[in-house]
């Protein structure tokens, strides 16, 4: 069994194409938010009950977050334990530090927390999404994970350039890149009543120039595969901090 | 200058006690959400403009997330660049994997992304918060960071047991712990109209038993200091994945 979810909602074309492609290699169940969840909380919903609506055979809509969908899918909806969770195909990249806030990646995190191998897959574009290319690549990755597994407590974050299959060179194993602010990042404006308001994002966001990052791969027409884990501890700092005398 | 924020909202006692304590060592500005934000998105608000309301001298309420507050505080509100950002004092712990979803920690992340040293501080309890003890410890940490700095791209996640000062043994430098699900994690119920609904969290969440984690420290009456960074890449997997032939 393969559990498929996303944060664009169960009616997004990305999840439909993905689910269909994965049927080639497994019994696919879709459990996804009943609407787009990109802009809301990615945590588990603990303060209210959740409703599940069966939309059609093996398609379930949840009035919660992507993490909720994975949690309910594994613990309540699916008839057995899935061997893999796939989150996507997201409309838009999840590169660099953006993954901290990504619903797509948070669903894969939740699966990892529950001990099920998983990956997130996103298309790096703002429109004209070529879901088929990404879906075919997802099948290749899924097949490999089902055969070989992933290291404990890790997941994969995959970003696919929005290009025709022939224009994509290959794939690269990468590390997480970093956004760098270039210039002022806030724009101040005045409303018709003379009151100030602010837009975040006035400055230009550019990526650092390091080699082997997710961003470098995608901008050179490669699919990026970044292995992630859940432990944010910065181990090199531990020894240093132990010398502090607070 | 020190920028103070939180995710419980600008009227929370935790931020007021914290700001007051930090005045001892610097010029403190408070920029915080205008209401409690624990349960909503922790990303930057890019799809709508933000309003800032000056509540009193050096206190600004923002109709956005904790990350928005840090971003606007540094780039638009404060008269100069802060030397430190402190997020808290949160009503409730931010231990183990919970930090992935924590508004308190996300504010500190945003500061780190913008190149300003920062830490998050939380009280591990559900009620009867002893903010004074945590605030005094925050001052000690802040003083140290202002003097010694932090490693590039790192921040501190501090959790304080909710005990009287004499009952707290000392502090420990720790690593991020991990929640483990114990038993079924979803409870299924039936509403009066015969429709099913689900509660997440039916099972018991317990921590792994590893040594030197944030959880171990706090449960033994120590303050926990975990150094974090923003890079989720699992480097040991890179070599292994490079051997895949997808």
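Since every read-out is calculated from the coordinates, none of them should be taken as a lab result. None of these values were measured; they are calculated from a predicted model. Because the Cβ atoms are built from the backbone with ideal geometry, glycine has one as well, and the counts that use them run over all protein chains shown.
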Shortest first and in nm with one decimal, please list how far the residue B:79 label point sits from its counterparts in the other copies (point 7 Å along Cα→Cβ). 7.0
Using a Gaussian network model of chain B whose springs link C-alpha atoms within less than 10 Å, name the residue from B:201, B:92, B:26 with the highest mean-square fluctuation. B:201
Pick out which of B:61, B:111, B:32 has the largest mean-square fluctuation in a Gaussian network model of chain B, springs linking Cα atoms closer than 10 Å. B:61
At 4 °C and 1.567 mPa s, grab the translational diffusion coefficient of the range A:1-132 from Stokes-Einstein with a Kirkwood Rh over Cα pairs, rounded to a whole number in µm² per second. 91 µm²/s
Here the percent of antiparallel bridges among DSSP beta bridges lying wholly in the range A:86-245, to the nearest 5, is 50 percent
Against the 2.2 N^0.38 Å scaling, with N counting residues, where does the range B:107-246 land? I'd like the Cα-based Rg ratio to two decimal places. 1.38
Angle check, please: helix B:13-22 long axis (alpha carbons) against the longest principal axis of chain B (alpha carbons), in degrees 0 to 90, nearest 10. 50 degrees
Nm distances between copies for residue A:143, ranked from closest, using label points 7 Å along Cα→Cβ: 6.4
Run through the other copies and list how far each one's label point is from that of residue A:57, in nm with one decimal, shortest first; the point sits 7 Å from Cα along Cα-Cβ. 7.2
Taking B:3, B:44, A:230 and counting other C-beta atoms within 10 Å, the order from fewest to most: A:230, B:44, B:3
Helix axis angle, B:131-148 relative to chain B longest principal axis, alpha carbon, degrees: 70 degrees
Whole-Å semi-axes of chain A's equivalent ellipsoid (Cα gyration tensor): 29, 23, 22
Which residue fluctuates the most in chain B, going by a Gaussian network model with Cα springs under 10 Å, if the choices are B:227, B:236, B:66? B:236
Using the number of other C-beta atoms within 10 angstrom as an exposure proxy, rank A:140, A:81 with the fewest first. A:81, A:140
Ranked by Cβ crowding within 10 angstrom, fewest neighbours first, how are A:191, B:34, B:132, A:8 ordered? A:191, B:132, B:34, A:8
Please provide three numbers in whole Å: the alpha-carbon extents of the protein assembly as shown along the principal axes, with the largest listed first. 65, 49, 48
The rounded separation in angstrom of the Cα centers of the range B:193-246 and the range B:106-184 is 17 Å
